[in-house]
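The values are calculated or read from the model by the stated rules, or taken from the named source; none is laboratory data. The shown structure was predicted, so the numbers you read here are calculated from the model rather than taken from an experiment. Here the Cβ is made from the backbone with ideal geometry for all residues, glycine too, and neighbour counts use every protein chain on show. Ligands, DNA and RNA are excluded from the accessible area calculation, which covers all protein heavy atoms including side chains. Shrake-Rupley method; radii C 1.70, N 1.55, O 1.52, S 1.80 Å.
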Amino acid sequence: MSKLVEVTINDKTYNIPEGHSILRACEENGIIIPRLCFLDSIHEDGNCRLCSVEVDQQHNLKPACKTIVRDGMNVVTENKRIYDYVSTNLELLASNHHFECFKCSREDNCEFLDLLRRYSILNEYSDLYGYELKQTQLNNSSDAMVIDSSKCVLCGRCVSACEKYTGIGVLDFNKRGNKTYVGPAQFRGLEDAGCIYCGKCIQACPTGALREQDDIKVFERAVRDPSKTVIVQVAPSIRASLGEEFGYPVGTNVEGKMFAALHLLGVDEMIDTNFAADLTIVEEGSEFLDRVQNDGVLPMFTSCSPGWVNYLELYYPELIPNLSSCKSPQQMAGAIIKTYYAERLQVDSKDVVSVSIMPCVAKKAEAKREDMGRDGYQDVDIVLTTRELARLIKRRGIDFKNIQPMEPFGDLATYTGAASIFGVTGGVMEAALRTVSEMLDSEAKLIEFKEVRGKENMKEATYHLAGKDINIAVVHGGVAIKEFLEMLKTTDKEYHFVEFMGCIGGCINGGGQPIVKAKDFERIDVIKERSKVLYTMDSKSILRKSHLNPAVQKLYSDYLNKLNQHDLHNLLHTHYKARTAYSEYIE
Amino acid sequence: MRIEKRLDQEKETLLYSALHKVKNSPGPLMPTLQEAQRIFGCVPIEVQKIISYELNESIAKINGVVTFYSQFSLKPKGKNSISVCLGTACYVKGSQGILDAFEDELKIKNGETTKDGKYTLEATRCIGACGLAPVFSVNERIYGRANVQKAKNILKTNPETKES
Ligand code: FES
Ligand code: FES
């Protein structure tokens, strides 16, 4: 245990571990200090000054998040002076804020709004519409995300999050003084600024300045259109996180309620992206075998995570041949919905609205990619993030906690344990190994490949399959991806198969997932808790290997096997293209 | 349509040699940007890209620095730069009027460059010469206790263009 120091806080004495900040010391002892910019180990610059406290009766207030406790220190966190100081700061921030709370993506978990309420801020310096509309307000040309500077409090959390999680640094402060805004250089659109759409900035933002492109309205209109059949698919990790938006503890599985809520929202058919995950494994597994047996390009890289695909296309395009040609589960499901499933339902593909619920903002852009559709329609029409789904449920007034759980209708909702774990880092690899090992060696009895589990940014293992050593690796998060790909240039080790995910922890921690407030972020291991849900689902499944999924088998025998090679490829596989950031020349 | 803007070859070579000199020293960004500004007369995105690649800094960060300091610019500046101080002391003593006068005379707005490329007009914050307020400067030369008339006269005398 570290040494303790004696600190007086508001006239009471506490023993605080050496090295703690005043903020941490207070929070751990139940003393609340307002804070807006501090985000543990991500953003610790101390630029909002809302956490100011009085230290040793010094005249200048000190930021609690940046001041380390000292033996004999005397801290006051509450008095009129501090109250007025914090209030003034909040007044100033408010005067620059564009209040549109009724349609804000953070309508019920805005950290800024919480503080304005707590300090009864009157917003005296600006009226609601007094906000001067800056030209730099809305950066919304990308398919996935929006930066709305009119709601930015310039805390800098997103800038740090982008830097620390992806290592790319798409965002920064531009200009100075009252013209300062956060965004890519020169107000370029995110699609031209080298952004991979991992959405880590959105989750770091204390307000609604960063958000996904909101598609709620499109969805609301689609479910009310009698000429359309709305078919929804839900990604593996939604059920592990959606509950958080309704007060369930992190790590609660709400699968049944989730489907029930979707039913109440008025969708016509529900399928499970898990089903498509099984399909992906069968396709990807065969592709891998083909590459191994026919001297194809190795190592093969997985292609399920669009954030990762963006990363590769932008920063390592020379490695595109290594990327599996398989579409991601979302897109495979979309393609199947618009063809096989539409046929079975006897509706015209053009009258099907295919909706997917995703833990990811990059999925929104993926759905709009060029070869993700045919005959003039896209395979996935609307992508909603977990957060959008939650907002939708709340706005419709559905009492999530009290609805009866429900199973999805439709047989494309059958899935194996292998599909469940797609949502966590290492899961795609493990699922693939289960199937590949059996394809290579029918005697293989392995089910759990524990070496690929866990949170380390890079994991490696070697499996002996059919007389061959197969070297695999699992990598997640932009920083680790870069490290791995650089290492790949120089290493002598031969890798065969590598799983990549754009987000640390995988989809479970995707950029479309519920936002965990800064305070909870410090206390709860969100990735671990959410992952547990998926691993439990897997271990409880009867079928744990993707190729054993009866619905997948039926799909192949009824439909896919009857297609010619070319059509089959078009349906389930895709192409990639090298891109560069800031490629557009603007005078 | 995507058009890659071509940089002047000679200037690009100069930039690379400047980069080579500072690359391995601590904090190479500022000196590089200063050199780039000198070589190109501005630091547009095409130049930022090269610097980003060579110094392994994000373009967003580089642009942040470029747009923060007024010594850097994204578009070429005129041969002569006229700065009018709008710091508190100068402002109180009427420097806004001086700025307006320059705008009228040169037919450009604050921050712009005349069509013939001769003048760039800028408002600045306190330049530390409050004792002489109001103050404006043409290139490196400071004019204190200024007024509108003085400003107009300066333009008439046609301050000799800076050697570049
Ligand atoms: S300065 Fe401490 S929370 Fe912002
Ligand atoms: S205010 Fe103009 S020089 Fe100080």
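At a glance:
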read-out: Of all residues making up the range A:344-364, the number that are part of a helix (DSSP H, G or I) and either crowded, with 24+ Cβ neighbours inside 10 Å or free of Cβ contacts under 8 Å to residues at least 60 places away in the same chain (or both); value: 6
read-out: Matching helices (runs of 4 or more DSSP H) fully within the range A:471-581 where at least 1 residues are farther than 26 Å from A:VAL383 by Cβ and touching a helix residue (DSSP H, G or I) at 6+ places or on another chain (Cβ under 9 Å); value: A:478-490, A:518-523, A:526-540, A:550-558
read-out: Residue count, the range B:41-95 (criterion: farther than 25 Å from B:THR157 by Cβ, within 12 Å of chain A (Cβ to nearest Cβ) and within 16 Å of ligand 2 (Cβ to nearest atom)); value: 1
read-out: Options A:GLY208, A:GLY167; residue that is within 14 Å of another protein chain (Cβ to nearest Cβ) and among the small types (Gly, Ala, Ser); value: A:GLY167
read-out: Top-ranked residue of the range A:48-59 - restricted to ones that are open to solvent by less than 70 Å² (accessible area, probe 1.4 Å) and within 10 Å of ligand 1 (Cβ to nearest atom), ranked as nearest to the chain's Cα centre (by Cα); value: A:CYS48
read-out: Residues of the range A:453-485 that turn out to be under 20 Å from A:GLU163 (Cβ atoms) and surrounded by fewer than 16 Cβ atoms within 10 Å (Cβ to Cβ), as a count; value: 2
read-out: Of the criteria (1) within 14 Å of chain B (Cβ to nearest Cβ); (2) part of a loop (DSSP other than H, G, I, E, B); (3) under 19 Å from the mean Cα position of the chain (by Cα); (4) not polar (S, T, N, Q), which one A:TYR197 fails; value: (1)
read-out: Which numbered condition B:VAL65 fails, given (1) outside any loop (DSSP other than H, G, I, E, B); (2) over 15 Å from the mean Cα position of the chain (by Cα); value: (2)
read-out: Number of the condition not met by B:ARG38 [criteria: (1) within 14 Å of chain A (Cβ to nearest Cβ); (2) open to solvent by 30 Å² or more (accessible area, probe 1.4 Å)]; value: (1)
read-out: Candidates A:LEU39, A:LEU23, filtered to the one that is surrounded by 12 or more Cβ atoms within 10 Å (Cβ to Cβ), more than 8 Å from ligand 1 (Cβ to nearest atom) and away from chain B (no Cβ under 14 Å); value: A:LEU39
read-out: Residue in the range A:31-89 that is nearest to ligand 2 (Cβ to nearest atom), counting only those that are charged (D, E, K, R) and assigned to a strand (DSSP E or B); value: A:LYS62
read-out: From A:ASN140, A:ASN109, A:ASN178, A:ASN174, residue being modelled with pLDDT under 95 and crowded, with 19+ Cβ neighbours inside 10 Å; value: A:ASN174
read-out: Residue list for the range A:401-417, restricted to those being in contact with a Gly (Cβ under 8 Å, 6 or more places away or on another chain) and hydrophobic (A, V, I, L, M, F, W, C); value: A:MET406
read-out: Complete set of residues in the range B:1-35 that are closer than 20 Å to A:PRO184 by Cα and away from chain A (no Cβ under 14 Å); value: B:MET30
read-out: Answer from A:TYR165, A:TYR131 - the residue that is open to solvent by 10 Å² or more (accessible area, probe 1.4 Å), at pLDDT 90 or above and more than 16 Å from ligand 2 (Cβ to nearest atom); value: A:TYR165
read-out: Count of the range A:65-80 residues which are open to solvent by less than 30 Å² (accessible area, probe 1.4 Å) and either among the charged types (D, E, K, R) or near ligand 1 (Cβ under 6 Å from one of its atoms) (or both); value: 1
read-out: Number of the exception - A:ILE31 against (1) open to solvent by less than 30 Å² (accessible area, probe 1.4 Å); (2) within 13 Å of ligand 1 (Cβ to nearest atom); (3) aliphatic (A, V, I, L, M); value: (2)
read-out: Yes/no for B:LYS61 being free of Cβ contacts under 8 Å to residues at least 40 places away in the same chain, touching a Gly at 6+ places or on another chain (Cβ under 8 Å) and away from ligand 1 (no atom under 16 Å from the Cβ); value: yes
read-out: Residue under evaluation A:VAL234, criteria (1) hydrophobic (A, V, I, L, M, F, W, C); (2) open to solvent by 10 Å² or more (accessible area, probe 1.4 Å); (3) more than 14 Å from every other protein chain (Cβ to nearest Cβ), criterion not met; value: (2)
